[in-house]
Amino acid sequence: DAGVTQSPTHLIKTRGQHVTLRCSPISGHKSVSWYQQVLGQGPQFIFQYYEKEERGRGNFPDRFSARQFPNYSSELNVNALLLGDSALYLCASSSGLAGAGETQYFGPGTRLLVL
Amino acid sequence: SQQGEEDPQALSIQEGENATMNCSYKTSINNLQWYRQNSGRGLVHLILIRSNEREKHSGRLRVTLDTSKKSSSLLITASRAADTASYFCATDPSGNTPLVFGKGTRLSVIA
């Protein structure tokens, strides 16, 4: 079975632009979570979606938004990009709600560079 | 904010030696997980230990959890060059919240 997939793998944008990152969870998984990992730090939670509803949000500005589709894939959108948004964006899926003892499986990430 | 703090931040050992990494956290948890990350790519799940467990083994990995001290350790025995990676602990705070990661330990295993 395929693991979690993310696209694109790399992306270069300029300040003020917007970006859409995509994630496909493991087949049968209903929960998708997004994390931001800046260089030298651990991943920071951005959003969790379960059964197409937002079930958690981290401490990120409203420029960050996400959604989950009926096939459980997900998109993360970031508007008005700042230099500080440069990071590795990780998607993770789990069969149930993350935080209920569920193991999260991570994709390879999308590396975003904002110039 | 990051709940977990790994110690040491970096560790360099010879192949065949054991590597021990520690993690401390601040609030009560449901479980604690360890992940490995190679070269800034995706995280690979290593092991999950629940709050009512004290020790767990998986192959060359041994994890302990001391909830009274709010700490965990990851032991990798007979290390190999392929174990070179960053290792993160992630806590699952009580309630339906996602994982909270520490800053990680960078392990270098020299052949």
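The values are calculated or read from the model by the stated rules, or taken from the named source; none is laboratory data. All values reported here derive from a predicted model rather than from experimental measurement. Neighbour counts run over all protein chains shown; Cβ positions are idealised from the backbone, glycine included.
I'd like to check something: does region B:16-28 contain any residue that is touching a Leu at 6+ places or on another chain (Cβ under 6 Å), within 14 Å of chain A (Cβ to nearest Cβ) and not β-branched (Val, Ile, Thr)?
Checked region B:16-28: at least one residue is touching a Leu at 6+ places or on another chain (Cβ under 6 Å), within 14 Å of chain A (Cβ to nearest Cβ) and not β-branched (Val, Ile, Thr).
With respect to B:Gln37, is the statement that it is surrounded by 20 or more Cβ atoms within 10 Å (Cβ to Cβ), within 14 Å of chain A (Cβ to nearest Cβ) and modelled with pLDDT of 95 or more true? Break it down stepwise before answering.
Numbers: surrounded by 20 or more Cβ atoms within 10 Å (Cβ to Cβ): yes; within 14 Å of chain A (Cβ to nearest Cβ): yes; modelled with pLDDT of 95 or more: yes.
Judged against the criteria, B:Gln37 is a match.
Regarding B:Leu32, is this residue over 25 Å from A:Asn59 (Cβ atoms) and part of a strand (DSSP E or B)?
It is false that B:Leu32 is over 25 Å from A:Asn59 (Cβ atoms) and part of a strand (DSSP E or B).
Give the residue, chosen from B:Ser58, B:Ser71, that is in contact with a strand residue (DSSP E or B) (Cβ under 6 Å, 6 or more places away or on another chain), over 29 Å from A:Gly3 (Cα atoms) and more than 10 Å from every other protein chain (Cβ to nearest Cβ).
Exactly one of B:Ser58, B:Ser71 is in contact with a strand residue (DSSP E or B) (Cβ under 6 Å, 6 or more places away or on another chain), over 29 Å from A:Gly3 (Cα atoms) and more than 10 Å from every other protein chain (Cβ to nearest Cβ), namely B:Ser71.
For region A:43-52, name all the residues that are within 22 Å of A:Gly84 (Cβ to Cβ) and assigned to a loop (DSSP other than H, G, I, E, B). If you could, list the steps in order and put the result at the bottom.
Of the residues in region A:43-52, the ones within 22 Å of A:Gly84 (Cβ to Cβ) are A:43-47.
Once the filter is applied, which keeps residues that are within 22 Å of A:Gly84 (Cβ to Cβ) and assigned to a loop (DSSP other than H, G, I, E, B), region A:43-52 yields only A:Pro43.
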